[in-house]
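This report concerns only the one structure given below.
Bear in mind that the values in this text are calculations on the coordinates, not laboratory data. These figures come from a predicted structure and were not determined experimentally.
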Amino acid sequence: MRNLIELPTIQNVAAGATCVLNLPIGMTYDEVIFVLTNVTAAQMTNYKWKVGSKTITDVASADVLEDQNKFYTRPQAAGTFTHWFYRPEVKEDVRMLTSFGTVGLSSSTIEFKLDPAVVGPVIKAYAVQRAPQVMGLVTKVREYPLAFATSGKQQVDNIPRGARITAVHLKKADVSRVEFEINNGTGPAKIIESDKSLLEVLQKQNLRVPQTAKYTHIDFNLTGDLAGPMPTSQLVDMRVNPTLDTSGQLTVVVEYIDGIDGI
């Protein structure tokens, strides 16, 4: 059995203000649904999910998570934004393990700043909850913004390691090719070497919806196994080498599967 409840009033819902939603501790969270009036996910900027003093998710706006919802074909509805903890694209027998258990935690909040341009914003939040459990594996989303002065093949070799990586989303419209290389101590090995178009063929075969106008996606768990994401704790080196058709900004968005004490 699952509950659908209205969460406490979000603090400071005003243009330019930092809004804070306190998540009551006790139950296990599958998702938090924000009902938005005069606000979009893109206008919920500097979006963070925190557990105690630990920041679990830290992205430029809730729109980054909304793009991931679209990629994974998670159900959506107009006038809402859903922060998914539970990953419905994972195989059913292990899916519940991805929910956010709160037993034994001191606090958890979702915080974001509202764009100064919003007028008359109203935001309510609801939670889909299930029986209490301790916090296990959760999805941590981090962004690493970069800038490249030239086009062509580039190298990104400073993505933090330690947790399993389930996906890397390269946010730039014209990344045409990508290589992903790891070194586990026995020498470098390319585990991805493909044009964007072929990556998208494989993703569509596995019921993903590539956000091709904004991203090039690297999905390490197309089969939906909880053990599928790539382990990185033992790697000596890890690099992603995107080919850019033009110079400019590239944001590397990484989805980690990790426990609270990881990265």
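Here is how the numbers come out for the structure above:
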| item | result |
| --- | --- |
| Aspartates and glutamates with Cα under 20 Å of K113, excluding same-chain neighbours fewer than 8 positions away | D58, D63, E66, D67, E143 |
| Calculated [θ] (222 nm, deg cm²/dmol) that DSSP helices of n ≥ 4 give over the chain, each run adding -39,500 (n - 2.57) | -2500 deg cm²/dmol |
| Other-chain or far-sequence residues with amide H under 5 Å of V118's (modelled H) | G16 |
| Rounded to whole Å, sorted largest first: equivalent-ellipsoid semi-axes of the stretch 91-242, Cα gyration tensor | 30, 23, 17 |
| Linear extension gain, A173 paired with V119, 0.36 nm per residue minus alpha-carbon span | 16.4 nm |
| Hits among aspartates and glutamates - C-alpha to C-alpha of K70 under 17 Å, sequence gap 8 or more where chains match | E31, E89, E200, D219, E255 |
| Exceeding the 25 Å Cα-Cα cut-off - candidates K124/K214; K54/K214; K153/K196; K140/K171 | K124/K214; K54/K214 |
